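First up is the structure itself, then whatever we jot down about it.
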Amino acid sequence: MEGNNSMFVPTTRRRFFGAAGGALAAGTALQAGATAGHETEPVDYYEKLGVRKIVNAAGTYTFLTAAVMPPQVRAAVNQAAKHPVRLEELQTKAGEYLAKRLRCEAALVTAGAASALTLGMAACITRGNEDSIKAIPNSMQGLKNEVIVQKTHRYEYDHALRNCGIEFVTVETMDDYQRAFNERTVMCHYFNAAQESPISREDWIRVAHSHNVPCFNDAAADVPPISNLWNYTAMGFDLVTFSGGKGIRGPQNAGLLLGRKDLIEAAARNNNPNSNTVGRGMKVAKEQIVGMVAAVDWFLSQTDAGMEAEFRRTAERIAAHVRGVPTLTTTIAVPPVANHVPHLLLKYDPARVKIEPKEVARQLREGDPPIELNPFTGRNGDKDLPSDENTIVVGVWMLQPGEELIVARRLKEVLSHAASA
Ligand SMILES: *Cc1c(COP(=O)(O)O)cnc(C)c1O
């Protein structure tokens with residue numbers, strides 16, 4: 001329990017039990033808290049469940065629970081948990097507030113970007129036709145159900161749109177695109193961080209609008225820069241989504257659907273608390289709706305330069321620590337669109353440092369505390385990062401203060417050991 005873990009477990013728990021004298025005092029505090037409405041010392045359920053806390057040197061990956069909320073956001077979540085409210089009123093007021101702050105007509109807090117895709121899609125199909133809300137996704141007679149998308153924009157979130165009963169019409173050239181429209185066309189979808197986009201955002205919007213068809217931009221992982229939160233709606237996209245739990249650092253089960261008022265209203269009609277809807281299972285609880293709003297407030301209080309400088313400093317601190325490893329070189333690289341923040345890349349000669357990056361990742365994952373490196377470690381980063389089979393990638397932006405040293409020490413230990421083997 002002590003040892004390495006004590007480096008990143010807050011000391012308050014120990015201090016509390018130490019000062020108050022253990023379990024008996026905890027029980028007393030609990031009772032006092034329940035009657036007087038005071039906060040009680042929280043139980044660490046990760047510990048109780050035997051779930052290992054990780055050091056996230058990867059990034060905002062869903063399978064690693066994405067971001068950790070900043071203290072202000074956690075406090076807002078905690079505060080919201082204390083009172084019941086009317087869910088629809090909270091959804092509406094949160095949306096109005098976000099629309100103002102994010103300079104768009106309307107907004108809805110969804111259960112993540114994937115939910116926003118489903119609700120926005122449902123909105124495009126069902127707007128002006130209340131009966132169709134119940135009909136989708138498997139009674140599509142008389143409903144528009146074709147979504148036009150560039151071939152290079154087909155991705156692992158297709159299913160979020162297909163949940164509404166649509167079919168994709170895939171295009172490659174501007175000519176294909178022009179010809180793809182017909183009376184069943186319901187939406188034109190854009191994947192903001194696609195590696196190739198033969199048709200630009202501006203052209204995509206212009207052509208769709210000339211056919212009176214709405215455009216949706218999935219920009220889930222595409223902040224920073226902060227201004228992306230309004231750039232794409234300003235550009236003319238009718239709907240835009242951002243994940244709440246990635247760069248914005250809100251709750252992982254929250255996201256933003258931003259855009260045209262009539263479409264956001266239609267999305268809300270396909271959402272809970274309405275029961276017979278595609279969005280009924282996509283509830284965002286009051287705590288997370290408030291958390292999403294607080295996270296946007298927090299994110300808008302940051303600056304791109306400030307965040308970039310912080311991540312660079314973190315990367316440089318790790319780089320400085322491992323620099324003595326033979327043949328090792330360090331670079332800092334920023335992916336172009338998604339996860340557009342400094343990442344640290346370590347390259348070395350595998351003939352001299354006899355360990356593969358993937359094996360380094362495995363050893364860090366199995367160490368104490370477990371450290372997760374960026375999944376581009378030991379892989380070709382394609383157009384996102386200049387990584388390859390001989391590169392270790394450290395995603396620094398989700399590290400908590402002080403954790404960069406834990407990562408640096410472990411990397412140095414594993415690499416030095418391999419260099420002396
Ligand atoms: C992460 C991601 C999503 C899903 O976001 P959630 O908030 O986890 O639902 C959708 N689209 C893209 C491009 C993403 O990167």
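The values are calculated or read from the model by the stated rules, or taken from the named source; none is laboratory data. From a predicted model like this one, the values you see are computed outputs, not experimental measurements. A quick note on method: Cβ atoms are made from the backbone with ideal geometry, for glycine too, and the neighbour counts reach across all protein chains shown.
For residues in segment 53-68 being surrounded by 22 or more Cβ atoms within 10 Å (Cβ to Cβ) and among the polar types (S, T, N, Q), which is farthest from the ligand (Cβ to nearest atom)?
The qualifying residue farthest from the ligand (Cβ to nearest atom) is 56.
Given the conditions (1) over 30 Å from residue 227 (Cβ atoms); (2) part of a helix (DSSP H, G or I), report the number of the one that residue 350 does not fulfil.
The failed condition is (2).
Every residue in segment 283-320 that is surrounded by fewer than 19 Cβ atoms within 10 Å (Cβ to Cβ) and outside any helix (DSSP H, G or I), please.
283, 285, 301, 302, 303
Look at residue 280 and say whether it is among the charged types (D, E, K, R), in contact (Cβ under 8 Å) with a residue 24 or more places away in the chain, surrounded by fewer than 20 Cβ atoms within 10 Å (Cβ to Cβ) and more than 15 Å from the ligand (Cβ to nearest atom).
No.
Going through segment 228-247 one residue at a time, which ones are out of contact with any Cys (no Cβ under 9 Å at 6 or more places or on another chain), more than 10 Å from the ligand (Cβ to nearest atom) and touching a residue at least 60 places away in the same chain (Cβ under 8 Å)?
If the condition is that a residue be out of contact with any Cys (no Cβ under 9 Å at 6 or more places or on another chain), more than 10 Å from the ligand (Cβ to nearest atom) and touching a residue at least 60 places away in the same chain (Cβ under 8 Å), then 247 is the only one that fits.
Being outside the structural domain of residue 90 (by TED's automatic domain parsing), within 22 Å of the chain's Cα centre (by Cα) and either closer than 30 Å to residue 84 by Cα or acidic (Asp, Glu) (or both), is that true of even one residue in segment 347-360?
Scanning segment 347-360, I find no residue that is outside the structural domain of residue 90 (by TED's automatic domain parsing), within 22 Å of the chain's Cα centre (by Cα) and either closer than 30 Å to residue 84 by Cα or acidic (Asp, Glu) (or both), so the answer is no.
Tally the residues that are closer than 29 Å to residue 305 by Cβ, part of a loop (DSSP other than H, G, I, E, B) and among the small types (Gly, Ala, Ser), restricting the search to segment 321-347.
1
Of all helices (runs of 4 or more DSSP H) completely enclosed by segment 194-279, which ones contain at least 1 residues that are aromatic (Phe, Trp, Tyr) and within 17 Å of residue 149 (Cβ to Cβ)?
Passing ranges, in order: 201-210, 228-235.
For the subset of segment 216-227 comprising residues that are within 13 Å of the ligand (Cβ to nearest atom) and farther than 22 Å from residue 63 by Cβ, which member is surrounded by the fewest Cβ atoms within 10 Å (Cβ to Cβ)?
In this case the residue turns out to be 216.
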